[in-house]
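Engineer: Provided herewith is a single structure, encoded as structure tokens, for subsequent inquiry.
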Amino acid sequence: MSDDFRGVLFILTGMFLFSFQDILIRHLSEAGSLLQILSIRGTLGAVIILLFMKWTGRRIVFTSSYPWLALTRVVLFFFGFLCFYFALSGMPLAEATSLFFASPLFITLLSKYVQKTEIGLYRTAAVIVGFMGVLLIVKPSPDRLNWIYLLPVLTAFTYAISMLIARHTKEKDSIFQQMIHLYFGSAFLGIGATGLMIGLGIDETSLPNADYLLRGWNTTDANVMSIMMVVAALGAVGMLLLTSAYRLGSPPVIAPFEYSLLILAVSWGYLIFDEIPDGLSILGMALIVGSSLFIFIRESIRNKPLAIKTSLRT
């Protein structure tokens, strides 16, 4: 079995675990606390990553050569995926997932204006087409804007910034250092945000539409706690699979298989939640995925990987 083939298998397995994780996080919106989920996921995920590093004989380093950039990345990841998981409670699974895949479009734009990288006419056109896809899914109008549809777009934007930070810091901070930062950061920020809300007297009655975010922790329901543990394990194992995939295989060969997550999201949305995207949303998904793949392929040919894959979809 070739390294590329094993990489593809790891990618597909990781995407399946992430898709199942998203289903469980959406299921927990009825009785769980999103901040509790992120706190437990960060804590248990960090333990799993550390055990894996210990088992494989890797050096465990908690510090960073770029402390402020590492802190920025942790905050961006936490806030971005807080938005994404909250969005899952109020919008179709397939649409939320496809909007997240707009991240390569943001990476390309940010590379042009932050790193002064020339992206060329073809990739500029691909970015425009991709954002047309975003508009087809969000469907903004003068008299109505469903703000929750903007949350996965915000996730894609924060993810893009964090990926550019990862590209800048990868020479001195290993991928496992970055994973440790993200998981411990998620636990710290989740617990800290919960403590702040308690101190300020904020709860789900303060903003009923945001009860999933503001709800108090549920520590008495064994079923809810068990599902949260499963969510944490799925996320950590999925991350390790993706990390292993990119250490084994060639990114131009294996990276497009990450889009299997969208196929899974459409399938689960239909089979579990009876969700069928409308025609405009399907066209929007096709434009986002098509333009993102075009950018990645174009960058691979030109050997200028703007939409860098770092296997940290948490």
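Engineer: With a ≥ b ≥ c taken as the square roots of the eigenvalues of the C-alpha gyration tensor of the stretch 39-187, please select rounded if a/c is under 1.5 and otherwise prolate if a/b is larger than b/c or oblate if it is not?
Structural biologist: oblate
Engineer: Determine, for the chain, the count of lysine pairs separated by eight or more sequence positions (or lying on different chains) whose alpha-carbon distance falls under 30 Å.
Structural biologist: Final tally of qualifying lysine pairs is 17.
Engineer: Under a 10 Å cutoff between Cα atoms, tell me which one of 113, 212, 85 has the largest fluctuation in the Gaussian network model of the chain.
Structural biologist: The residue that fluctuates most here is 113.
Engineer: Translational diffusion coefficient, Stokes-Einstein: compute it for the stretch 69-115 using the Kirkwood radius over C-alpha pairs as Rh, at 20 °C and 1.002 mPa s, and state it as an integer in µm² s⁻¹.
Structural biologist: 177 µm²/s
Engineer: Related question: Over the chain, with a Gaussian network built from C-alpha contacts below 10 Å, which listed residue (250, 291, 186) shows the highest mean-square fluctuation?
Structural biologist: Top of the fluctuation ranking is 250.
Engineer: Roughly how compact is the chain, stated as its Cα Rg over 2.2 N^0.38 Å to two decimals?
Structural biologist: Rounded to two decimals, the normalised Rg is 0.97.
Engineer: Can you give me the C-alpha center-to-center distance between the stretch 108-180 and the stretch 16-73, rounded to a whole angstrom?
Structural biologist: What the calculation gives is 22 Å, centre to centre.
Engineer: Sum -39500 (n - 2.57) across every DSSP H segment of at least 4 residues in the chain, then divide by the residue count to get the 222 nm mean residue ellipticity, nearest 500.
Structural biologist: -24000 deg cm²/dmol
Engineer: Given the options 45, 190, 201, which has the most mean-square fluctuation in a GNM of the chain, springs set between C-alpha atoms less than 10 angstrom apart?
Structural biologist: Result for the chain, Cα springs under 10 Å: 201 fluctuates most.
Engineer: Which far-off residues, 5 or more places away or on another chain, put their amide H under 5 Å from the one on residue 216, with H placed in the peptide plane?
Structural biologist: Close amide H contacts, sequence-distant or interchain: 204.
Engineer: May I pose another question? Could you tell me which helices of the chain pass both thresholds, a Cα extent of 30 Å or more along their own axis and a mean Kyte-Doolittle hydropathy of at least 1.0, with helices taken as whole DSSP H runs?
Structural biologist: Span-like helices, by this rule, are 34-55, 67-88, 175-200, 222-248, 279-302.
Engineer: Quick one: net charge around residue 204, please, counting Lys, Arg +1 and Asp, Glu -1 for every other residue with C-beta under 9 Å from its C-beta.
Structural biologist: Summing Lys/Arg as +1 and Asp/Glu as -1 gives -1.
Engineer: Shifting gears a bit: Using 0.36 nm per residue, how much length does the chain from residue 66 to residue 118 gain when fully extended, once their Cα-Cα distance is taken away?
Structural biologist: Gain on extension, residue 66 to residue 118, equals 16.1 nm.
Where a number appears in this text, it was derived from the coordinates with a stated rule and is not lab data. A quick note: this is a predicted structure, and the numbers were derived from the prediction, not measured. Reconstructed Cβ throughout: ideal geometry from the backbone, glycine too, with neighbour counts over all protein chains shown.
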